[in-house]
Amino acid sequence: MADTNLLAGPALRRLRKREGLTQAGMAALLGISPSYLNLIERNQRPLSARVLVQVIERFEFDPRSLREDDAIGGLDGMVRRMADKRFVDLGIDREEVQEFLAAAPQVAAAFARLYDSGGGGSERTMVEDAATAARRAVERWQNHFADLDHAAEDLADELRLSRGEIAAALSERLREKHQLQVRILPAEVMPGQVHRLDLHARQLQLSEMLPGAARRFQIARQVGVLEMREGIELLVAGANLASLEARDLLREHIADYFAGALLLPYRRFLRACEATGYDLAVLQRRFAVSFDQAAQRLTTLGRVGERGLPFFMAVIDRAGRMTQFTAGGSGALYPLEGARSPAWVPYAAFERPGTVLTQAVTFGEGDAAGRHWFTITRTVDGDGVMCAGRRAVVLGLEARFAADLSYARGQSLNRDDAVPLGAPCLRCGRPECLTPAPARIASTLPRPRSGS
């Protein structure tokens, strides 16, 4: 971002508060005066290139998240709204929309909010917009909510959570502090539900269909909802999301985040990751969690001074739809260009359920940074209630960070050996490749890992 007239005051203020810094503290780190920082935060001074570089270096911050228009879907989101048939006669082109966003971002946000709340799009489009807005809010935090994470770690230490007594400790917490009993009910009593809070009976009711890891997660989640309500609501309010649906989605994500942080306390989990080479099979057993719970936690390790590897996570169903995506601190962009290519290993994973498969790939021409990625894939099965089908869970990080992974041993991390995704065979540009996609997939599959 070479824009030297970037007005990004609110975004910089959110970063400062996220890091728990005063204006004087942040100003000292950036080498500027507190009064100048105050002017920047009030959008009375632009964020200069020099200060922006300091922000990136000091906080390992993604400069794209300084753009306020992200909250309304960025340029593409505003272009879609302006394409409404009611505005066709105005002939508004993409360049004009870009000028509008640059000159008056808050007015643009107000227009987007009014349009979205006034039924400007179809119900499906509004749902998609809500999901996009919530996802972008999570990306601005790089999926790391520092205060909640510390609170979860402190609570885990207080309860002395350890494998074999997690559920008992959490259930006892609900009973003693909130007068709630955990009760497992038959599936026919809870049709289409996995959990239900019955305040009249003072019970957290869980379906018998939930496996052990999912039960523990739901109990941890309920503890978080009850004890961290204020912190969760502050985060939701601070995101300034326009629609109720987007706020609800963000609230759900943060509640899930806390549950994961409680079951996988930050420092203990990070030490285990580093000691095992991020071996998920070991991590699952050590912390009594599922593969997807451990994978999701890997996208949250962004604590300043104690960062883990920058993973993204995606979930893909049998139809090839990406039903979940979390960028974490990876810098991966959604949608991943070429993610529906049959040459990508997740689509072969369904033929080898439960086996961990690895592959180095490039995600098409849209990745202007020229990065290539190391991906780890394994299928997981649904809970039989809300999610009945099998799906592939994908973890990915830039190959330059993958050397210490247990999964990368014996694998080439050379970009020339990466499988290019996003380009049809006729445009692939790999003259040495004489085999069809299925054969290329087969050639990248490792032997099944023991314990996978």
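Side notes on the structure shown:
- Near pairs, Cβ below 8 angstrom, 6+ apart or cross-chain, from the range 359-370 (hydroxyl-bearing (Ser, Thr, Tyr)) to any residue that is at pLDDT 90 or above: Thr362/His372; Thr362/Trp373; Thr362/Arg415; Thr362/Ala418; Thr362/Val419; Thr362/Pro420
- Tally of residues being without any contact (Cβ under 8 Å) to a residue 12 or more places away in the chain and assigned to a strand (DSSP E or B) across the range 279-334: 1
- Within this structure, Thr379 passes the test of being over 16 Å from Phe312 (Cα atoms), modelled with pLDDT of 95 or more and either touching a helix residue (DSSP H, G or I) at 6+ places or on another chain (Cβ under 6 Å) or among the aromatic types (Phe, Trp, Tyr) (or both).
- Within the range 193-207, none of the residues are of a type outside the set (Asp, Glu), touching a residue at least 12 places away in the same chain (Cβ under 8 Å) and in a helix (DSSP H, G or I).
- Residue check for Leu210: modelled with pLDDT of 95 or more, surrounded by 14 or more Cβ atoms within 10 Å (Cβ to Cβ) and within 29 Å of Leu244 (Cβ to Cβ): no
- Top-ranked residue of the range 382-395 - restricted to ones that are at pLDDT 75 or above and farther than 16 Å from Ser341 by Cβ, ranked as surrounded by the fewest Cβ atoms within 10 Å (Cβ to Cβ): Gly389
- Single unsatisfied condition, Gly120 versus (1) part of a helix (DSSP H, G or I); (2) more than 23 Å from Arg251 (Cβ to Cβ); (3) modelled with pLDDT under 75: (1)
- Counted residues, the range 7-22 - those being outside any loop (DSSP other than H, G, I, E, B) and over 17 Å from Leu235 (Cα atoms): 1
- Any hit, the range 241-251, residues being of a type in the set (Lys, Arg), surrounded by fewer than 16 Cβ atoms within 10 Å (Cβ to Cβ) and in a helix (DSSP H, G or I): no
- When Leu333 is tested against (1) modelled with pLDDT under 95; (2) more than 12 Å from the chain's Cα centre (by Cα), just one condition goes unmet, and that condition is (2).
- Scanning the range 335-357 for residues that are outside any loop (DSSP other than H, G, I, E, B), touching a residue at least 60 places away in the same chain (Cβ under 8 Å) and crowded, with 21+ Cβ neighbours inside 10 Å turns up just one, Leu357.
- Residue within the range 159-175 that is in contact (Cβ under 8 Å) with a residue 40 or more places away in the chain and either aromatic (Phe, Trp, Tyr) or touching a Cys at 6+ places or on another chain (Cβ under 8 Å) (or both) present: no
- Yes/no for Ala349 being over 30 Å from Ala156 (Cα atoms) and either among the charged types (D, E, K, R) or out of contact with any helix residue (DSSP H, G or I) (no Cβ under 6 Å at 6 or more places or on another chain) (or both): yes
The values are calculated or read from the model by the stated rules, or taken from the named source; none is laboratory data. Computed from a predicted model, the values in this text were never measured in an experiment. Because the Cβ atoms are built from the backbone with ideal geometry, glycine has one as well, and the counts that use them run over all protein chains shown.
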